[in-house]
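The values are calculated or read from the model by the stated rules, or taken from the named source; none is laboratory data. As the structure is a computational prediction, the values presented were derived from the model and not from experiment. Neighbour counts run over all protein chains shown; Cβ positions are idealised from the backbone, glycine included.
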Amino acid sequence: MDRRDVDEYTVEMTFQVDEEFKGDLGDTVVIRTPGTGAQCGLGGGVGSRMALFANEEEDHLTSSLGLQVSDSIMREVTSPFPAPDGRGDARLVIGGSFGETRVLALDRAGRILGYGYGEGDVQELSICPDEKFLIDGVLLSHRLNDRGRIGGNYFVDGTGFRRWFYELYTGSLRRLDLRGEAPERSVGFVSHITFALEAIPGGAPVTAPPHS
């Protein structure tokens with residue numbers, strides 16, 4: 001391992017790569033980090049062995065003390081998920097981004113009933129009224145509409161709603177317990193409509209969409 005100053009606050013550390021957990025790093029990798037431990041820079045000197053999470057920023061990689069872990073922890077968090085061992089009905093559904101998995105279903109005791117696979121970070125979960133299926137939602141984009149007019153007319157202290165924003169999601173219709181290889185249906189939906197307030201001359205009413 002080598003170390004050189006980039007500027008007053010930043011250093012570059014060159015590591016020999018012994019094992020990759022994700023990505024293609026080659027035999028060596030250069031990581032930028034704050035220059036001191038007080039700035040949360042990487043600990044350890046030349047010859048130290050460490051496991052790191054690194055972030056890609058423009059043309060270089062960065063890391064810090066908070067992203068430095070032991071070899072054993074790195075292997076644990078990057079190992080495959082255990083086989084489901086839960087029983088009964090789903091009592092908790094968790095959405096997020098967990099490698100190739102983005103939804104987990106747990107039983108009453110917190111054991112795993114099943115996994116919902118897919119790319120992206122789930123930000124919306126909705127349980128269907130029959131409590132047999134769920135829909136997960138991954139944000140695709142934000143949209144702005146200056147022209148559409150739905151709903152009723154409103155005054156808000158002489159200010160009307162002129163513009164409205166909405167978010168587009170993609171997702172999957174899944175069994176609530178996520179068991180087995182049941183077919184999943186891709187869905188798309190709109191959620192989180194928000195408003196941009198804009199003064200209307202004379203307080204003239206305009207049409208505002210309802211919140212959803």
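Scanning the range 108-122 for residues that are surrounded by 19 or more Cβ atoms within 10 Å (Cβ to Cβ) and either farther than 30 Å from SER141 by Cβ or not assigned by TED's automatic domain parsing to the domain that holds ARG185 (or both) gives a single hit, LEU113. Identify, please: which residue in the range 76-96 is of a type in the set (D, E, K, R) and exposed (fewer than 13 other Cβ atoms within 10 Å of the Cβ) and is, among those, nearest to the chain's Cα centre (by Cα)? It comes out as GLU76. The residue that is nearest to the chain's Cα centre (by Cα), among those in the range 64-75 that are surrounded by 12 or more Cβ atoms within 10 Å (Cβ to Cβ) and farther than 20 Å from GLN39 by Cα, is MET74. Of all residues in the range 97-125, those that are over 16 Å from the mean Cα position of the chain (by Cα) and in a strand (DSSP E or B) total 6. The residues of the range 126-154 that are outside any loop (DSSP other than H, G, I, E, B), touching a Phe, Trp or Tyr at 6+ places or on another chain (Cβ under 8 Å) and modelled with pLDDT under 50 amount to a single one, TYR154. Within the range 9-29, not a single residue is polar (S, T, N, Q) and within 25 Å of the chain's Cα centre (by Cα). Do the conditions hold for GLY41, that is, is it part of a loop (DSSP other than H, G, I, E, B) and either at pLDDT below 85 or loosely packed, with under 11 Cβ neighbours inside 10 Å (or both)? The answer is no for GLY41.
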